[in-house]
Amino acid sequence: MDIHGSVQLVHAGGLHARPAVALTKLAKTFRAKILIAASAEGPWIDAKSVVKVMGMKTPAHSTLFFHALGDDARAAIEAMTRLVEEDFSGAPE
Amino acid sequence: MITATDKVGIVIVSHSAKVALGVAEMVAQMVGSDIPLAWTGGNSEGGLGTSVEQIIDTINAAWSEAGVAILVDLGGAETNSEMAIEMLPLERQDRVVICDAPVVEGAIMAATESWGGSDLDTVRRTAEEFGKKMD
């Protein structure tokens, strides 16, 4: 399965430390390969790499793009976009 | 399913008890409590410094069969951590590493990687990868 999704980043501080950790943790719960980008053209970054996600330094109100490949790709995209929509309140404990 | 004890333990060693506690609080809040985490700071007299004995106890407190990654601040924290590792039982020595990374950032990176179930070498490399990005 090869699924794309996008969502607007509403978090006031943008994709800074705590949201980046939350996003990476959620990505790691899926088997699918999950890529994230701040533009539809990329560059695409491994969403399971906390260092790379934190290094994106995406400002608030940008759009985040996701691309997932694997058997649970659809669930991964749904969960990742929901996490961003819910302002990172639903990260796995 | 990975349980907490299967995950790489994270140890924080600082010259300051307050710094060590502060880093641990950041790890607990940002990454969660589902990883073995222990910290030590200050010498045995309660001043600034580090203690080999306390570092040994801290490593054992965070012990995991997957190993332990140590984050240190400055010079003595590193040399005392090296000494502490040398004083561990032989079978534990090769499962403890000191990460060449800044203590706060490295701890968050290492803990996130541990949380996801990565092995000790990946946890160490992830912490060190962040340190390199800042050069």
Given charges of +1 on the Cβ of Lys and Arg and -1 on the Cβ of Asp and Glu, with all other atoms neutral, how large is the dipole of chain B about its Cα centre, in debye to the nearest 20?
240
Taking only Cα atoms, what is the 0 to 90° angle, nearest 10, from helix A:17-28's long axis to the longest principal axis of chain A?
10
Would you mind telling me the antiparallel percentage of the DSSP bridges in the protein assembly as shown, rounded to 5?
50
Per-residue average of other protein chain Cβ atoms inside 10 Å, peptide B:96-108 -> 1
So which of A:K25/B:K18; A:K52/B:K18; A:K48/B:K132; A:K28/B:K18 end up more than 24 Å apart by C-alpha?
A:K25/B:K18; A:K52/B:K18; A:K28/B:K18
Taking amide hydrogens as modeled 1.01 Å from N in the peptide plane, which residues meet the under 5 Å criterion relative to B:D73, leaving out close sequence neighbours?
B:V13, B:H15
Separation between Cα centres of the range B:1-57 and the range A:54-74, rounded to whole Å
32
Sticking with the crude label model, points 7 Å out along Cα→Cβ, report the distance from B:E53 to A:A17 in nm, one decimal please.
3.3
What is the helix-to-structure angle for A:73-85, meaning the angle in degrees between its Cα long axis and the longest Cα principal axis of chain A, kept from 0 to 90 and rounded to the nearest 10?
10
Spacing of the two label points (7 Å from each Cα toward its C-beta) at B:N43 and A:R31, in nm:
5.5
Using a Gaussian network model of chain A whose springs link C-alpha atoms within less than 10 Å, name the residue from A:A38, A:A60, A:A76 with the highest mean-square fluctuation.
A:A60
For the range B:39-53, 3J(HN,Hα) per residue [Karplus equation, 6.51 cos²θ - 1.76 cosθ + 1.60, θ = phi - 60°, Hz, x = Gly/Pro]
9, 8, x, x, 8, 5, 8, x, x, 6, x, 9, 10, 4, 4
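Read-outs: derived from the displayed coordinates by stated rules, not from any lab. All of these numbers come straight from a predicted model, not from anything done at the bench. So basically every Cβ, Gly included, is an ideal-geometry build from the backbone, and we count neighbours across all protein chains shown.
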